[in-house]
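Remarks on the structure that follows.
The values are calculated or read from the model by the stated rules, or taken from the named source; none is laboratory data. In this text the structure is predicted, and so the values were computed from the model without any measurement. Methodologically, a virtual Cβ is constructed for each residue, glycine included, from the backbone with ideal geometry; neighbour enumeration extends over all protein chains shown.
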Amino acid sequence: MHARRRAKATPTVVPAAGVAGAPSAADVEPERAAPSSRRLEVITASVTLGASVAGFALAQAIELRTETGGVDPRFWPTVLSILGGALSIALLLIAIVRPPFDRSDLETSNRQGWMRLGASLISAVLFVALWQLTGYLVATPLFLAALLLIFGGRGWKTLVLFPVITTALTYLLFHSLLKVPL
Amino acid sequence: MNPLLSGLEALIDPTVFVCLGLGLVLGMLVGAFPGITATMAVALASGFTLTLEPVQGLAVLLTIYVAANFGDRVPAILVNTPGTPASIATTLDGYPMAKQGRAGLALVISALGSAIGILASMILFAAAAIPIARLALEFGPSEMFALVLFGLTIMISISSRSIIKGVLSGVLGLALATIGRDPITGDQRFTFGINELSGGVDFIAVIIGVFGIAELFDQLLTHHAAKLRPISSLGRWWPTKSEYRQMGRPLAVGGTVGLIVGVIPAAGGDIAGLIGWDRAKRASKHPEEFGKGSIEGVTASDTASSATLGGSLTTTMALGIPGDSVMAVMIGSMIIWGIQPGPSLFTNRPDLVVSITAIMVIATLLSLAISLVRMRGMVKLLDVPVHYLWATILMFCIVGTYATTNNIFTVVVMLVAGIVGLIMKRTGFPAGPLVLGLLLGPLAESNLRRALLIEGPIGLVNHPISAVLIGLALLAIIAPIVGRLRQRRKTQATLPEKIDSLP
């Protein structure tokens, strides 16, 4: 296998930590594991607290066409924002007084990764804009070629042939077979 | 017409077989590529199956679900990297077997275990789904609210290392579900004058964002060059008679574990595989061989993780509560098709339940056949350069999302959901409860408000079923917290002894 092919598995569910005798295969190698961070925990809890407060304020501002008593359209968003606020305060307290959460199931990020992510996001936004302006058949091969270049692909087959063929196939699939107006 | 006959007749359509074939290829491919989960693939495929008829669409999605359970064992055995989380336990004995020159044997045993696990679980689905659905038909608003609460808390307790973060994720999902029209009065909430939000946040876009885009972004962020190469010598393929005999006990143990875990909402193949492996080790005459290339270990882990599929399907179709994260995505697609999974499905569309069962069985048999015949070819798939994968996934996520509404606003929602999903992943907030909250939010809110308007708060606890479900929901939250506190105390108690024993 090519050296770079071994992309990590990304479990969406944490394996049963309590399974005695079963080694956890979800945790990444220690040297690649993301470090714990108290600052990150505090920021996260503060953001969720801020969002809960904003949610509470917005819930009180919901305009009602008819008054139906206490159990009206404001009721559920208010309950959720209060619950979210209480949990955020608990999270903030835990972040301050307890050791930060273990992040060994996540891989550490690197500068190259941030650049790759940023460039992909910018390309995606430009693609959406270009699609509206020039249409699918022009925007998509350019988008794919840009992405392949960002991800390390080189050569005319990768940067020209692959984007053109993929665009043609997806156009055939979506526009011609599934009748999606692209 | 008889539902059984009409359900089977719907599959005779040649387009269904094309869809089965497409799902089979996609499922095997996504399973074989580490990093692309079945949830991500089904979320992605849901974008372009929405224009199909329900049976055709389900044929694609369910076959991906099944086939990914076969394809993901290939990298688990050959490169010690699970193709999807469901094959985590396969690595424990599969890779050691491959290192001993028995990769072919491990692949065949794994495929047989997976097929037997899924087929056994479909018997459970056929036997249990109708009685469970019949019971759930009696549910009023209190019971329905309690059921949703139970499903959410179970997912939170299973999917999160931090219960608080899990609950917050669920609350965020429920809050997102309040955007749009109120389910009872029709009042606009949190739409800020944006027309596209009046119908609510597009959940397919959110699902593709948090399961597809967020996973991809995380890979872009953390990808490192690795030096391991897959095992190239596959050795003998077919088991001997004594090796078949060795598979008997772990098949029974793994199958039982998988069936039980599968029925629990939100518990998936990864958990079942690890528990099945552990239980089979305890039941084995040769526990010392586990972890060193045991045939029993591979059989137990793969049977257990695959046997969850029927249980998950039972919970999803009979109760409307997703059995695992793939099923959460599936519910989203079914709602778009105008089909509400849950007890009413069995009275309104019994033919569709038959079609679903038949698709699962056919998909399992086809996946088994492909696994036994084409495993050698699949090894070559691991050589596809990662830049092709990433570019194609990102493009398909964008185009697939656009296809759901033909509106670019949905693509923006998907990209925002992807960034939020990435932040959640990096900060330890599970995505499962968010999606579940978003899907079940309207059901939870409308039933809670109806229950409160009819009987007041006491109505939630004076019905036996709702009282039991609320009790179980509380237990699902409290039990892990108590368990972790006990574990921490135990660790603290033994720490001084360990320090004293140091030289």
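Per-structure values
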| quantity | calculated |
| --- | --- |
| Candidate set: the range B:413-434, residues that are β-branched (Val, Ile, Thr) and more than 7 Å from chain A (Cβ to nearest Cβ); chosen: the one surrounded by the most Cβ atoms within 10 Å (Cβ to Cβ) | B:VAL413 |
| Count of the range B:388-418 residues which are small (Gly, Ala, Ser) and more than 23 Å from A:ALA145 (Cβ to Cβ) | 1 |
| B:ILE208 in a helix (DSSP H, G or I), surrounded by 24 or more Cβ atoms within 10 Å (Cβ to Cβ) and modelled with pLDDT under 85 | yes |
| A:ARG39 within 10 Å of chain B (Cβ to nearest Cβ) and at pLDDT 50 or above | no |
| Number of the condition not met by A:ALA124 [criteria: (1) farther than 16 Å from B:TYR402 by Cα; (2) not assigned by TED's automatic domain parsing to the domain that holds A:ARG39] | (1) |
| Tally of residues being at the interface with chain A (Cβ under 7 Å from one of its Cβ atoms) and either among the acidic types (Asp, Glu) or touching a residue at least 24 places away in the same chain (Cβ under 8 Å) (or both) across the range B:382-408 | 7 |
| Any hit, the range B:222-231, residues being surrounded by fewer than 24 Cβ atoms within 10 Å (Cβ to Cβ), outside any helix (DSSP H, G or I) and of a type in the set (S, T, N, Q) | no |
| Of all residues making up the range B:340-351, the number that are crowded, with 19+ Cβ neighbours inside 10 Å and within 21 Å of the chain's Cα centre (by Cα) | 4 |
| Selection status of A:GLU29, at pLDDT below 95, under 30 Å from B:ALA86 (Cα atoms), outside the structural domain of A:LEU147 (by TED's automatic domain parsing) and under 19 Å from the mean Cα position of the chain (by Cα) | no |
| Unmet requirement for A:GLN60, which otherwise passes all of (1) surrounded by 13 or more Cβ atoms within 10 Å (Cβ to Cβ); (2) more than 10 Å from chain B (Cβ to nearest Cβ); (3) closer than 13 Å to B:PHE190 by Cα | (1) |
| Subset of the range B:26-35 (residues that are modelled with pLDDT of 70 or more and crowded, with 24+ Cβ neighbours inside 10 Å) | B:GLY27, B:MET28, B:VAL30, B:GLY31, B:ALA32, B:PHE33 |
| Residue check, A:TRP131 within 25 Å of the chain's Cα centre (by Cα), outside the structural domain of A:LEU40 (by TED's automatic domain parsing) and closer than 30 Å to A:ALA34 by Cβ | no |
| Members of the range B:96-134 that are more than 22 Å from the chain's Cα centre (by Cα) and free of Cβ contacts under 8 Å to residues at least 60 places away in the same chain | B:PRO131 |
| Boolean, A:VAL14 is modelled with pLDDT of 85 or more and either more than 7 Å from chain B (Cβ to nearest Cβ) or within 24 Å of the chain's Cα centre (by Cα) (or both) | no |
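Residue-by-condition table, conditions (1) without any contact (Cβ under 8 Å) to a residue 12 or more places away in the chain; (2) farther than 30 Å from B:LEU50 by Cα:
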residue: B:ARG245; (1), (2): yes, yes
residue: B:GLY248; (1), (2): yes, yes
residue: B:PRO265; (1), (2): no, no
residue: B:THR299; (1), (2): no, yes
residue: B:GLY320; (1), (2): no, no
